[in-house]
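Below is one structure, written out as structure tokens; comments come after it.
The values are calculated or read from the model by the stated rules, or taken from the named source; none is laboratory data. Computed from a predicted model, the values in this text were never measured in an experiment. Positions of Cβ are backbone-derived with ideal geometry, glycine not excepted, and every protein chain shown enters the neighbour counts. Protein only, heavy atoms only, side chains kept; ligands, DNA and RNA dropped before computing areas. Shrake-Rupley method; radii C 1.70, N 1.55, O 1.52, S 1.80 Å.
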Amino acid sequence: MAMTLKHRLKLLGASAFNRLGVPRLVRRGQGLLVLCYHRVVPEAWAAEVLSSPHIVVREETFARQMSLLAAEYAVVSLEDGLEMLARGHLPRRAVALTFDDGWRDTRTIALPILERYALPALVYLTTNFIGTGRLFWQERLTHALRQLQAGAGLRGAPPPLSPPLPPPLPPDLAALWDQANQANRKHREQRHGMLDPHALIRLLKQSAPDAGERLATALLDGLGQLHLPDTTAMANAMLDWDDVRDMQRRGVVFGSHTVDHVLLPGASPEVRAVQLEESRRVLRQALGRDVRALAYPNGDHSLAVRRAALAAGYTSGATLERGFNEESMDCLRVRRINIYEGKTASSKGFSPDLFRFVLTLAR
Ligand SMILES: [Zn+2]
């Protein structure tokens, strides 16, 4: 029997087991569960949302998730949760809610729902994107690719053999473009020649730190569309400082997500220090209170990054490593589960059982 259960659970992934091979199900309710959200978007925006599906939850789904959490879990702030964990006083089924990046929809869509159930939340801000009208290069790049596809008249046409031609690019970006197209051949054959933006984004994240920004700008420049159309820009906007202050009045706590969303493990020690210290300083000044919580962009960290975070004055660092946070945890290595639409939806839409299952296994 045990083997059968074990075998069945194994199909769900190795992290369903601890090191001794005991199913994590037996640990249910132990440890702090931290959920990571990015964007909560209304149905009406669907066509305008440029972000990866892995960071998007529909408004209706989010409302049902919060209703379930309020009814069945002890939702605590991350700060309180970590403190209670350290003291051994964590309530059973404790969950903390966090939001990365600082999207405007965190205020306009997610916050009213959090308030409906009186749930505390921590929002990690990327300070150079707050109130500047800047958008992440990932969204700008996705927009550029959609425009290239539309311009090439590919929609509805038979699959072409070659991808849409970009405007002339500097040699290093042209090489990346070709590499992504090669790696993405199968997807293109299935999707009428369209380059999968996420494949290109993955590749760019592993390249020079400014490659994504430069490619998005080069493509949009070549298309004569350096600025996104108003409705698209609105649907993909970041918070401004008025939003942030309003949220703070309404009880939201803020943390840092660095200055520019730089992936820290690959950055130089100097850049790393500036990203960590400057974002903390700017937030402290704007919010009038100290900021001690950090979320590593992309969840990426290393020993050197965690040491730099500690040196910059942070007392917690949030990753995207899945699992429960237990008493012996390192607070600069907070485990979190990334929640997005597909994670809690079956073919019939949001599934409460699937959501409970994700929370039970912390994966
Ligand atoms: Zn982020």
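Note on the range 70-79: residues that are more than 20 Å from the chain's Cα centre (by Cα) and in a helix (DSSP H, G or I) amount to 3. Of the residues making up the range 246-270, those that are touching a residue at least 24 places away in the same chain (Cβ under 8 Å) and assigned to a helix (DSSP H, G or I) number 7. Within the range 280-311, being without any contact (Cβ under 8 Å) to a residue 40 or more places away in the chain, more than 14 Å from the ligand (Cβ to nearest atom) and open to solvent by less than 10 Å² (accessible area, probe 1.4 Å) holds for VAL291, ALA309.
Would you please name the residue that is farthest from GLY255 (Cα to Cα), looking only at residues in the range 336-359 that are open to solvent by less than 10 Å² (accessible area, probe 1.4 Å) and part of a loop (DSSP other than H, G, I, E, B)? Restricting to residues being open to solvent by less than 10 Å² (accessible area, probe 1.4 Å) and part of a loop (DSSP other than H, G, I, E, B), the top hit is ILE339.
Scanning the range 247-279 for residues that are of a type outside the set (Gly, Ala, Ser) and open to solvent by less than 30 Å² (accessible area, probe 1.4 Å) yields a count of 10. For the range 282-299, a residue qualifies if it is among the charged types (D, E, K, R) and touching a Lys or Arg at 6+ places or on another chain (Cβ under 9 Å), and the qualifying residues are ASP290, ARG292.
For the range 325-335, the set of residues classified as buried (at least 20 other Cβ atoms within 10 Å of the Cβ) and part of a loop (DSSP other than H, G, I, E, B) consists of ARG335 only. Selection within the range 31-55: residues that are part of a loop (DSSP other than H, G, I, E, B) and buried (at least 16 other Cβ atoms within 10 Å of the Cβ). The member of this set that is nearest to the ligand (Cβ to nearest atom) is HIS38. Checked against (1) under 30 Å from MET234 (Cβ atoms); (2) outside any strand (DSSP E or B), TYR124 passes all but a single condition, namely (2).
Selection of the range 56-70 for residues being surrounded by 21 or more Cβ atoms within 10 Å (Cβ to Cβ) and either within 16 Å of the ligand (Cβ to nearest atom) or among the small types (Gly, Ala, Ser) (or both) yields VAL56, VAL57.
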